[in-house]
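The values are calculated or read from the model by the stated rules, or taken from the named source; none is laboratory data. Here the structure is a predicted model, which is why all the values come from computation and not from measurement. All Cβ positions, glycine included, derive from the backbone under ideal geometry; neighbour counts span all protein chains shown.
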């Protein structure tokens, strides 16, 4: 059934000729995301779709719950185009709600549960949200009280749905008591499917409007490149609203082929390792801090992790010193990836050689994923030279939601997204991330890439993790500061400025690249999507 696309105010559309090209070439398809799930449920009704701490649902059970939730949401008066903030932890109800909203054509604004009032209120305001879905509490914060206060403050926020802390509860059951819809197309594949938070570390979070088609293209590429089949058991440990947990390949990629997902509340070894053993997990997606915790965990020998075949790492740059440890220490295939919520995802093919898998983050899956690597003047740089990464393609948004000021900075007139990443691209097209343009340290005129210094420090036997930032200096402009997490309390004594500078000299680093300040800490500050917040380290001298 054909339905005319719904244009949302504040969404930058794709040019009509570009949209027609993507459709003609098969990059975009005439399919909505709920249609993807229901097509798989027809093929594998009795197969396990999702497992979390309290429930195991087959594809038939999941789609049944989606349709009952959709009826409940529709009973609240929610319909096509209405925005709903979904603020939930890693529980299966997140997936059920998102698909239920898609089933009625509504648009979820998805937020990590770590977000608090400032971010949620911003989403309610900018999205003119009619409903807010959350849990009663998280990490000591009374989210139920916050929900009541937000509903009183914002007239357009007509409904709140508060689940128990670990999901379920009376309000969830009440929504499911309103009967059941029949699955049908109630929106267009060209409609905005969700508004997703940008993973940036500065300012109020931006919202990225992805359509059913931009997300569909991305998840198909993720699945095709990574060998995911109905036999895959995929562990989700990253916040479930993150693009890695949603479409790269995430639960959408898994559901597209009939795979099973296992949802973990977090990625700590004492949580994830028992789940791998119990459910025969075959693949997992991690961010670098969690991967480091796994590599350095003494619990590895306490669990049978032999089912795990592929470990994907993305979300932030994985330095070579850590990447080189994965296959020999875990006995699994490392699958690096690199991308951004705005759209582009590159990954290493399954058959790539080990040297490439350690050094490079990947190659675009399609010629439609356009890449530019340019210098400060906008000129293309030769292979192997660092430059600014720009991209556009079938998965890349054309602008942030209701944010013309940021759009003028982040997008070119012809639709390329300025990612802010500094990359090198070899003759084959493989991309290696060097760092972030705004993270580059200028020490007295000498330019320093923090990633190079972090890579070197991570080879020190006493270092568990490291983050290098520039700090203000009246003479040099910036000095180099290294925040270090020791592997053990005993190794902290070896992490002095003098000893580390000598260690780095012995490795051949130039003197101007050596840290001026070293601080040993117990932990780093992180953004809501699990990236080290260098902004906080710089500004708050964390």
Some residue of the stretch 226-240 being assigned to a helix (DSSP H, G or I), closer than 30 Å to residue 269 by Cα and modelled with pLDDT under 95: yes
Residue check, residue 433 within 19 Å of residue 315 (Cα to Cα), touching a residue at least 12 places away in the same chain (Cβ under 8 Å) and not assigned by TED's automatic domain parsing to the domain that holds residue 509: yes
Only strands (runs of 3 or more DSSP E) wholly contained in the stretch 415-472 count here; list those with 3 or more residues that are more than 23 Å from the chain's Cα centre (by Cα). 441-443, 446-448
Which members of the stretch 132-185 meet the condition of being exposed (fewer than 13 other Cβ atoms within 10 Å of the Cβ), on the phi > 0 side of the Ramachandran plot and at pLDDT 95 or above? 179
So, in the stretch 473-498, exactly how many residues are within 17 Å of residue 453 (Cβ to Cβ) and assigned to a helix (DSSP H, G or I)? 2
Of all residues being out of contact with any strand residue (DSSP E or B) (no Cβ under 8 Å at 6 or more places or on another chain), in a helix (DSSP H, G or I) and under 19 Å from residue 343 (Cα atoms) in the stretch 404-414, which is modelled with the lowest pLDDT? Just the residue, please. 406
Note on residue 392: of the conditions (1) assigned by TED's automatic domain parsing to the domain that holds residue 297; (2) in contact with a strand residue (DSSP E or B) (Cβ under 7 Å, 6 or more places away or on another chain); (3) surrounded by fewer than 18 Cβ atoms within 10 Å (Cβ to Cβ), unmet is (3)
Is it the case, given these coordinates, that residue 43 is touching a residue at least 60 places away in the same chain (Cβ under 8 Å), surrounded by fewer than 23 Cβ atoms within 10 Å (Cβ to Cβ) and closer than 16 Å to residue 169 by Cβ? no
Among 53, 83, 68, the single one that is surrounded by fewer than 23 Cβ atoms within 10 Å (Cβ to Cβ) and modelled with pLDDT of 95 or more is 68
What is the one condition in (1) in contact with a strand residue (DSSP E or B) (Cβ under 8 Å, 6 or more places away or on another chain); (2) in a helix (DSSP H, G or I); (3) touching a residue at least 40 places away in the same chain (Cβ under 8 Å) that residue 307 does not satisfy? (2)
List the residue pairs whose Cβ atoms are under 9 Å apart, where the first residue sits in the stretch 224-245 and is assigned by TED's automatic domain parsing to the domain that holds residue 52, the second is in a loop (DSSP other than H, G, I, E, B) and surrounded by fewer than 22 Cβ atoms within 10 Å (Cβ to Cβ), and the two are 6 or more positions apart or on different chains. none
